[in-house]
Amino acid sequence: LVVAKVAALTGADATSLALVNADQKTRTQVASFGIAAESRKGRTRSVETGFHGWVIRTGETICVEDIQNDPRAEASQMRAFDACSVMVAPLSARGRVIGSLAAYHRHVGAFDPHHLELLSTFAAQAAVAIENARLHAESAARMRQWESLQQVTAALVSERSPEAVLSLIAQKVGELLD
């Protein structure tokens with residue numbers, strides 16, 4: 001898992017990965033590691049708030065040595081992770097930011113440029129993997145649609161009764177909507 005590897009390689013106490021939702025106004029934490037990891041997974045927040053939100057909006061990587069003195073910090077982040085330092089990198093795919101990857105540490109100034117480079121590298125790789133998974137799922141869904149249409153077409157040109165054709169259409173529509 002990316003978040004565990006980032007923590008191991010950077011010495012972070014906690015890491016999290018957030019993805020932008022379809023509405024482009026919110027983000028959901030889809031993976032986390034370390035302090036309070038499970039309690040934060042699945043949480044949805046505005047892209048207008050916090051370090052994740054700032055990175056998603058700007059597309060810029062940040063490293064904050066002392067989050068207590070940074071206006072972008074969310075109080076819930078500081079409490080949940082007991083964090084003092086954070087670095088966040090965007091997940092970019094096909095020219096747009098699809099999410100962000102963050103690493104938190106309990107000590108001020110815990111991250112150096114090498115850590116930031118590692119985080120950025122992992123973020124770039126994670127973005128490619130996430131985009132590939134999305135494209136694969138999209139392709140599989142289109143294939144299912146095509147197969148269903150082909151079956152309906154075959155039924156239409158066969159000598160089936162209209163009731164049988166309508167039943168098949170209803171079945172295939174139901175399968176596509178599941």
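The values are calculated or read from the model by the stated rules, or taken from the named source; none is laboratory data. What you see is a predicted model, and the numbers here were worked out from it, not measured in a lab. Every residue, glycine among them, receives a Cβ derived from its backbone with ideal geometry; neighbour counts consider all protein chains shown. What goes into the accessible areas is simple: the full protein's heavy atoms, side chains included, and nothing from ligands, DNA or RNA. Shrake-Rupley method; radii C 1.70, N 1.55, O 1.52, S 1.80 Å.
Here are a few things to note about the model shown:
- Being surrounded by fewer than 21 Cβ atoms within 10 Å (Cβ to Cβ), within 21 Å of T10 (Cα to Cα) and at pLDDT 90 or above is not true of C84.
Every residue, every condition in (1) open to solvent by 40 Å² or more (accessible area, probe 1.4 Å); (2) modelled with pLDDT under 90, yes or no:
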| site | (1), (2) |
| --- | --- |
| F111 | no, no |
| A124 | yes, no |
| S158 | yes, yes |
| Q171 | yes, yes |
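- Members of region 40-49 found to be of a type in the set (G, A, S) and modelled with pLDDT of 90 or more, listed by number: S46
- For V128, the requirement of being over 20 Å from the mean Cα position of the chain (by Cα) and at pLDDT 90 or above is not met.
- Every residue from region 149-178 that is polar (S, T, N, Q) and outside any helix (DSSP H, G or I): S158, S161
Conditions tested, residue by residue: (1) crowded, with 17+ Cβ neighbours inside 10 Å; (2) at pLDDT 90 or above; (3) touching a Pro at 6+ places or on another chain (Cβ under 7 Å); (4) under 22 Å from T121 (Cα atoms).
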| residue | (1), (2), (3), (4) |
| --- | --- |
| A7 | yes, yes, no, yes |
| L17 | yes, yes, no, yes |
| V20 | yes, yes, no, yes |
| E38 | no, no, no, no |
| V55 | yes, yes, yes, yes |
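- Here the condition is being open to solvent by 30 Å² or more (accessible area, probe 1.4 Å) and either over 12 Å from the mean Cα position of the chain (by Cα) or under 19 Å from T28 (Cα atoms) (or both); of L91, L119, L101, L135, it holds for L135 alone.
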